[in-house]
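Notes to accompany the following structure.
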């Protein structure tokens with residue numbers, strides 16, 4: 001029951017930069033045991049500038065352990081109809097702290113605490129329709 | 001223009017039907033479609049257990065389209081770094097874990113900090129950005 005994630009980064013911003021290619025297997029905290037739970041792959045369509053919870057940690061649908069090895073993958077896939085606008089950004093936050101803005105097509109992979117207050121939020125910069133895909137992997141409490 | 005691309009492949013067999021996600025993005029400057037991120041800070045640091053450090057040496061220009069890659073190269077799976085931004089706990093990177101996030105450094109306090117646990121953690125990071133506030137001598 002393995003979950004793996006591979007990243008490949010290439011850039012000509014620096015002539016000597018050889019790129020990054022790394023893979024990780026998502027495991028439970030402090031062990032080599034595979035992570036065992038997921039929210040499943042989800043998508044959320046947003047059409048206004050208000051902040052919404054992508055993942056509400058206190059939701060009764062999931063009960064993740066706190067402060068272990070949880071991870072979340074999030075991507076801005078544009079309007080959901082194949083149109084990706086690099087000028088339309090959605091700010092992803094944790095517990096009201098803005099982490100950064102995903103422009104059209106951008107993706108992120110980051111660890112999470114899964115503490116009840118540390119909801120994952122999405123705040124579009126404009127009223128343009130934007131669709132966010134996400135999936136969280138966690139350890140069941 | 002400089003071209004920086006970041007691709008990801010995510011697979012999981014936790015569900016009955018195996019999941020496989022692939023995505024690739026060209027990292028552009030904030031709100032543009034024609035100008036890519038053209039500056040890079042790339043380093044490897046070792047952080048002794050119990051120590052907390054800001055990862056980024058110079059503060060990138062706030063609210064831009066910076067992208068930050070971090071990997072914990074520790075080979076002991078019990079070692080980890082706790083990641084915080086602006087004192088908000090984000091999560092933990094155990095040995096072998098990596099993360100890739102947009103980082104807009106929206107104010108002077110919004111640094112990415114790492115606290116080492118378990119032992120000395122070897123951290124690789126790459127920040128792709130569009131300008132920093134350089135420190136004058």
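Each reported figure results from applying straightforward, stated rules to the coordinates on display, with no laboratory input. Keep in mind the model is a prediction, meaning the values are calculated, not measured. Every residue, glycine as well, gets a Cβ built from its backbone with ideal geometry; the counts of neighbours run over all protein chains shown.
Things worth noting here:
- Kirkwood Rh and Cα Rg combined as Rg over Rh, evaluated for the protein assembly as shown: 0.94
- Between residue B:48 and residue B:61, the simple spin-label model (points 7 angstrom out along Cα→Cβ) gives 3.8 nm.
- FRET efficiency for the residue A:41 to residue B:73 pair, using the beta carbon distance and R₀ = 22 Å, is estimated at 0.15.
- Between residue A:52 and residue B:109, the modelled label-to-label distance comes to 3.0 nm, taking each label 7 Å out from Cα in the direction of the beta carbon.
- Contact order relative to length of region B:38-132, as percent, for alpha carbon pairs under 8 angstrom and 6 or more apart: 49
- Taking each residue as 0.36 nm, the span from residue B:32 to residue B:5 lengthens on full extension beyond its C-alpha to C-alpha distance by 8.2 nm.
- The mean sequence distance of close C-alpha pairs (under 8 Å, at least 6 residues apart), as a share of the length of chain A, puts its relative contact order at 33 percent.
- Convex hull volume of the Cα atoms of chain A, normalised per residue: 133 Å³.
- A straight line joining the Cα centroids of region A:34-101 and region B:96-112 runs 16 Å.
- Candidates A:69, A:122, A:14: whichever shows maximal mean-square fluctuation once chain A is modelled as a Gaussian network with Cα springs under 10 Å: A:14
- Evaluated at q = 0.12, 0.14 Å⁻¹: base-10 log I(q)/I(0), Debye formula over Cα of chain B: -0.54, -0.72
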